[in-house]
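To start, the structure itself, in structure tokens.
Taken together, the values in this text are just the output of simple stated rules run on the coordinates, not laboratory data. Remember, it's a predicted structure, so these values are computed and weren't measured experimentally. Every residue, glycine among them, receives a Cβ derived from its backbone with ideal geometry; neighbour counts consider all protein chains shown.
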Amino acid sequence: MEAPNNSDVSTDDPKPQVIYRCKKCRRIVASAEQVVPHEPGEGQKCFKWKKRSDNPYKESPQCSSIFVEPMKWMEVVEEGSVEDKIQCLGCKARLGYFNWAGMQCNCGAWINPAFQLHKSRLDEGHL
Ligand SMILES: [Zn+2]
Ligand SMILES: [Zn+2]
């Protein structure tokens, strides 16, 4: 069960095997390998929300979503839509949104194409 993966993307920070489940039905929707990492560095400049940086740990806002590769369970993607909401295949809960033209994360980074899953709809766990 190997998903085609962009293994040429540099992964210099070794992560434990993290998986994401639908919060409602516990179906596994993504694993860490399918997450497309992005650089959150431009957040402050993009949105001028945090002018003060009195706390060095709050420099960049936490991304409220993860961005993943298109996956088979995303039926609307398979159907050929350009953009639509992403629903859980198990319980039809809305998990996120995708747009082949790209979307902006709350940290300010553009992801293109974007398959966004809201962290608040997911349970993060380990295999
Ligand atoms: Zn982000
Ligand atoms: Zn579900």
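Using a simple spin-label model with pseudo-atoms 7 Å out from Cα toward Cβ, Val82 and Trp100 lie 0.9 nm apart. The calculated FRET efficiency for Val18 paired with Glu75, based on their beta-carbon distance and R0 = 30 Å, is about 0.80. Remark: the Trp110-Ile28 segment gains 27.0 nm on full extension, using 0.36 nm per residue and subtracting the alpha carbon distance.
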